Amino acid sequence: MCSRRGGEWSGLRQAWHYAPGKEHLFWQGSTAVRSRRGLAWREDTDDLAIEQAVSELVGLRREVGAWINQFSAEQARTPTLEDASAADPELLLSLGRLATSQARSAAAALAGTNDELDKERFPAAALPPSLSSSAGAEAALRSGSRLLVERLRGKLILAPLTRGGNVPFRRLCADFGAEATMSEMAFARFLIKDHPQERARLRRADNEHLYGVQFATNNIGEGVRAAELAAASGAAWVDLNCGCPIHEATKRGLGAALLRSPRKLARLVAGIAAGSPLPLTVKVRTGTSGGKVNVAENVAALHAAGAAAVTVHGRTAEQRYKRAADWRAVAGVAAAGSGPVIGNGDILTHYEARWRLDQSGCVAVMTGRGALIKPWLFQEYAEGRTLDPDARERVGIYRRLVGHMKAYFGDDARGRGKAFYFLPWHFDFLVRYRPLPETIFGEGALERPLIGRREDAADDSLPLLERLLRCGSKDAHAEIAAVLWDAASDAEAASQLERLADGCLASWEAAARGAEAEEDAAAEG
């Protein structure tokens, strides 16, 4: 189906198509390259992927053609974009993608490779001008953005989490009802260079049905290519990170460093949004520091540039997590009305999530550390009640996470080695769980977020297992992880953890108190 030219396959670079039930478009053929003559594949490209891409593109064009013919016969005129939108917003999305230069280039490349294939399988008729202008692509972008916002509306979204946003943990959150989840941030430059660690961030669990991929870049071309890869992985949208405060990102001019120039950031977002096959959201902080809070200017510019929505984390980059999130600033941006806003910061309980959503004017809210502490938060939010699992029930939940890690990394020595980069680390957050019923803690939670509460875990009145699951010692976390990995059942794990606590807990609690005192002294200094 493709002819050899200079040691390469000549053919489609991108075949856009609508995937029924997934509300997104994606492309096939992962080793595509540009050439002076147009579009080509390297020799190592999978022929089957090309065949499937062509079949899907042809099918989409035929479906669109059938609708055009039916409309023209019934209405005695050529349909417009407004007609397509009235018929089905998803049809408008498909039409817009077919109208893009990528789709037209793909059709031209295919038409020149095999006359018989072209005649038999690829309809010669082009889209009418009313459906194929540049406005078609713009309408598709707007339609896709509106569809995404409606799908996210009212939801508690799992935030991108450095290290914590691994596939097994996101799968656990989805087990507990997380309806919208996001990948860990990937560096777009390394992603498009096929770096294994970055490519792994594109993977999603089977139960993640509304999944977004976040990447960091300051280059339009990198952003578009990263969005294409995200679309191929099954993502429903992509997100540009403009809030990461870590030096690894900001030294490259990425993350929160992008907040310094709203005009430059808007140009970046406009370029990525125009070329992305998926709706683009942007995640920002209120500014780089207390003296440089420019969130209102940034958010307005981002919406005007084509961002489907903007997530506002109510802290500056300089603050990191040292102060409570400023939800007044979040609400102020949402009230400005430039476009949809998602609120983020300090959500630990279902009632905090609901209050923030209701009082901020945001279309949705996002949680990060709250989910790391209690992955069942999403079920609480959906059901409007506090679950409060006891120690043995939590052992079962943590063993479910272990099961997901074994399934993903492998249940052998190599898989264990990979999983243990994550599993003990998760207990830095899981041990912070405390029951927080609304009747007792609800009042005042908006003024003083509950995620900032600190309690001494070494309460001698509590059962040993409960104390162990609250212990802040990293040595304890490593031992807990080992027991959970090796145990054959929840009951066996609980019994082994109780024996472990009986022998080691006192020294671990003392070490944890000492480390906490050192942290407090350093903060005061």
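Suppose every K and R has +1 on its Cβ and every D and E has -1 on its Cβ; what is the size of the dipole of the stretch 334-480 about the Cα centre, in Debye to the nearest 20?
That gives the stretch 334-480 a dipole magnitude of about 560 debye.
Within the stretch 252-279, what residues put their amide N at less than 20 Å from the label point 7 Å along the Cα-to-Cβ vector of E318?
Counting backbone N atoms under 20 Å from the label point, the list is 252-262.
Using a 10 Å cut-off on Cβ atoms, rank the peptides 378-386, 311-319, 214-222, 357-365 from the highest mean neighbour count down.
Per-residue Cβ counts within 10 Å, averaged per peptide and sorted highest first, yield 311-319, 214-222, 357-365, 378-386.
State the extension gain, in nm to one decimal, for the chain segment bounded by R454 and A87, taking 0.36 nm per residue of separation less the distance between their alpha-carbons.
126.6 nm
Would you work out the charge dipole size for the stretch 227-314 about its Cα centre, treating the Cβ of every Lys and Arg as +1 and the Cβ of every Asp and Glu as -1, and quote it to the nearest 20 debye?
Roughly 360 debye, rounded to the nearest 20.
Which length gain, in nm to one decimal place, applies between Q70 and R434 when the Cα-Cα distance is subtracted from 0.36 nm times their residue separation? Mind showing how you got there, number by number?
Working: separation 364, 0.36 × 364 = 131.04 nm, distance 6.09 nm.
Residue separation times 0.36 nm, minus the Cα-Cα distance, leaves 125.0 nm.
Sorted by packing (mean other beta-carbon atoms within 10 Å per residue), highest first, where do 368-375, 263-270 land?
368-375, 263-270
At 7 Å along the Cα-to-beta-carbon direction for both A413 and A232, put a label point, then send me their distance in nm to one decimal.
3.5
Among the listed pairs K264/K292; K251/K283; K283/K406; K155/K406, give every one whose C-alpha distance is greater than 23 Å.
The answer is K283/K406; K155/K406.
Could you tell me how far the Cα centroid of the stretch 302-321 sits from the Cα centroid of the stretch 429-505, in Å?
If you average the Cα positions of each part, the centres end up 33 Å apart.
Run the quick spin-label model on D502 and R203: label points 7 Å from Cα toward the beta carbon, then report their separation in nm to one decimal.
So the two model labels end up 3.9 nm from each other.
Would you mind working out the magnitude of the charge dipole of the stretch 405-446 relative to its Cα centre, with +1 at each Lys and Arg C-beta and -1 at each Asp and Glu C-beta, to the nearest 20 Debye?
300
Can you tell me, using C-alpha contacts under 8 Å and at least 6 residues apart, the relative contact order of the stretch 225-373 as a whole percent? Walk me through the numbers before you get to the answer.
Working: 287 pairs, mean separation 27.2, N = 149.
With pairs under 8 Å counted, the relative contact order is 18 percent.
Sort 154-167, 234-247 for me by packing, meaning the mean count of neighbouring Cβ atoms within 10 Å per residue, highest on top. Don't jump to the answer; show the numbers that get you there.
Details: 154-167: 21.8, 234-247: 23.4.
Put in order of decreasing packing, that is 234-247, 154-167.
Read the figures in this text as sums done on the coordinates, not as results from a lab. Everything quoted here is computed from the prediction, not taken from an experiment. All Cβ positions, even for glycine, are placed from backbone atoms using ideal geometry, and neighbour counts span all protein chains on display.
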